[in-house]
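The values are calculated or read from the model by the stated rules, or taken from the named source; none is laboratory data. Bear in mind the structure is a predicted one, so any value in this text is a computation, not a measurement. In this analysis, Cβ positions are derived from the backbone assuming ideal geometry, glycine residues included, and neighbour counts consider all displayed protein chains.
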Amino acid sequence: MSASAPPARGSMPHVCDVDVVRHPDQLAPDVRDFLAQAEKRCPEFGFAWFSNLAATVYPGSEELRFYVLRRQGTVLAVLPLRAEKAALGWTLHALGNFYTTLFEPLFAPECGPADLAPLLVAMRADFPGLGALRLAPMDRTAPSYRLIIDGMRGDGWKPYEFFSFGNWFLPVGGSWSDYVARRNGALRSTIKRMTKKFGGDGGTLEIVTAGDDVARAVEAYEKVYASSWKKPEPYPGFMPGLARTCAEQGFLRLGLAWLNGEPIAAQLWIVAHGRAEIYKVAYDESFKAYAPGTLLTALLMEHVIEVDKVAEVDYLIGDDPYKKTWMSHRRERWGIIAFNPRSPGGLAGWAREALGRRVKSLKARFAPDAAPAS
């Protein structure tokens, strides 16, 4: 579906076209090229990521959307979204789910807040009664974050920000030995002792990146995951699909720990464009005494520092205490919830959000001071 929109008030006179695409496989070549450039910032902004997500998490869904904005035939913006119907209208969400560690509305450098008006018009036409737009998790320091807030405000929407999660990461400087020297003594001791113990008992470690070994490695990963403390995957096809996709792109680093021919720990890292992301980790708790997770993390960390020469390692989602052992810096991921007051659902959501924040602010303001320690 394509539509032309008049220029937003106060913008330069030009015509923008908006295409509404319902599946990543239907994206035009110029849009795929646009996503390829965005992928250099994060693999989750690329066509391959969205294609695997659509195929394994949202197969057959009628609610996926890619809103593509062009000016004079050139792609200016791409918003990957999914719709959910509520009692009082529709809400559009960032196209992702709990697998998503970072989302971004994708804008060309020349895109400004006024350029978003045709996109918002297209969304309301596509989903009559559209009440809200929810985007998360996002980098609050990225230009796109402020741009979409300003664009929605300019179109009459009421946006609010919210915290998503903490994110630990490591700017890499120096060699593997330099990195190890900066870690605490307990970690260095564990790596040394357990490397000797694990190897002495017949344990081996490997990293699979591509080729015929990928299918074997994915099977081992799934076996470890099933034996770990983690809940079963609700979308069992996603991780195997991601591993295959990353292998095809050269992004896969799948670490495995083996003991007596059985996999006991697995970690899937994604390495692309100078960054390493620690995406999934699991181990069989029956073999916890060997610290196989620690040994695998050390092996992969050495590999991405010495072989891949990455500039950053990212532990992605959450403030788990163990992440501080390996990382050195923390940042935050945030989200935006915006309400369309033109619709009953949006007006009700705006009132509820504003009242809730006001009540929270008053409670914080008038809450009694903490009791002194006894």
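Applying the selection to the stretch 162-193, what residues are touching a strand residue (DSSP E or B) at 6+ places or on another chain (Cβ under 9 Å), surrounded by 14 or more Cβ atoms within 10 Å (Cβ to Cβ) and of a type outside the set (Gly, Ala, Ser)?
Matches in the stretch 162-193: 165, 167, 168, 169, 170, 172, 179.
Out of 72, 37, report the one residue that is under 19 Å from residue 19 (Cβ atoms), surrounded by fewer than 17 Cβ atoms within 10 Å (Cβ to Cβ) and touching a residue at least 40 places away in the same chain (Cβ under 8 Å).
Details: 37 fails: touching a residue at least 40 places away in the same chain (Cβ under 8 Å).
Of the residues listed, the single one that is under 19 Å from residue 19 (Cβ atoms), surrounded by fewer than 17 Cβ atoms within 10 Å (Cβ to Cβ) and touching a residue at least 40 places away in the same chain (Cβ under 8 Å) is 72.
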Close pairs (6 angstrom Cβ cut-off, 6 or more residues apart or separate chains): over 30 Å from residue 342 (Cα atoms) in the stretch 158-187, among the aromatic types (Phe, Trp, Tyr) anywhere = 168/315
Looking only at the stretch 52-59, decide whether some residue is touching a His at 6+ places or on another chain (Cβ under 9 Å), within 30 Å of residue 252 (Cα to Cα) and of a type in the set (S, T, N, Q).
-> no
Within the stretch 70-86, of all residues that are within 22 Å of residue 335 (Cβ to Cβ) and of a type in the set (A, V, I, L, M), the one farthest from the chain's Cα centre (by Cα) is 86
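Can you tell me how many residues within the stretch 194-208 are surrounded by fewer than 17 Cβ atoms within 10 Å (Cβ to Cβ) and free of Cβ contacts under 8 Å to residues at least 60 places away in the same chain?
If we filter the stretch 194-208 for residues that are surrounded by fewer than 17 Cβ atoms within 10 Å (Cβ to Cβ), which is where we start, we get 196-197, 199-202, 204, 206.
Right, trim to free of Cβ contacts under 8 Å to residues at least 60 places away in the same chain and you get 196, 199-200, 202, 204, 206.
Qualifying residue count, the stretch 194-208: 6.
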Of the conditions (1) within 27 Å of residue 202 (Cβ to Cβ); (2) surrounded by 12 or more Cβ atoms within 10 Å (Cβ to Cβ), the single one that residue 354 does not satisfy is (1)
Screening 105, 109, 137, 113 for residues that are surrounded by fewer than 17 Cβ atoms within 10 Å (Cβ to Cβ) and either modelled with pLDDT of 95 or more or not aliphatic (A, V, I, L, M) (or both) leaves only 109
Among (1) aromatic (Phe, Trp, Tyr); (2) surrounded by 18 or more Cβ atoms within 10 Å (Cβ to Cβ); (3) in contact with a Lys or Arg (Cβ under 7 Å, 6 or more places away or on another chain), the one test that residue 221 misses = (3)
Taking the stretch 302-346 as the region of interest, how many residues are under 19 Å from the mean Cα position of the chain (by Cα), among the charged types (D, E, K, R) and surrounded by 14 or more Cβ atoms within 10 Å (Cβ to Cβ)?
-> 5
Selection from the stretch 29-72 of residues touching a helix residue (DSSP H, G or I) at 6+ places or on another chain (Cβ under 6 Å) and of a type in the set (Ser, Thr, Tyr) yields 51, 56, 67
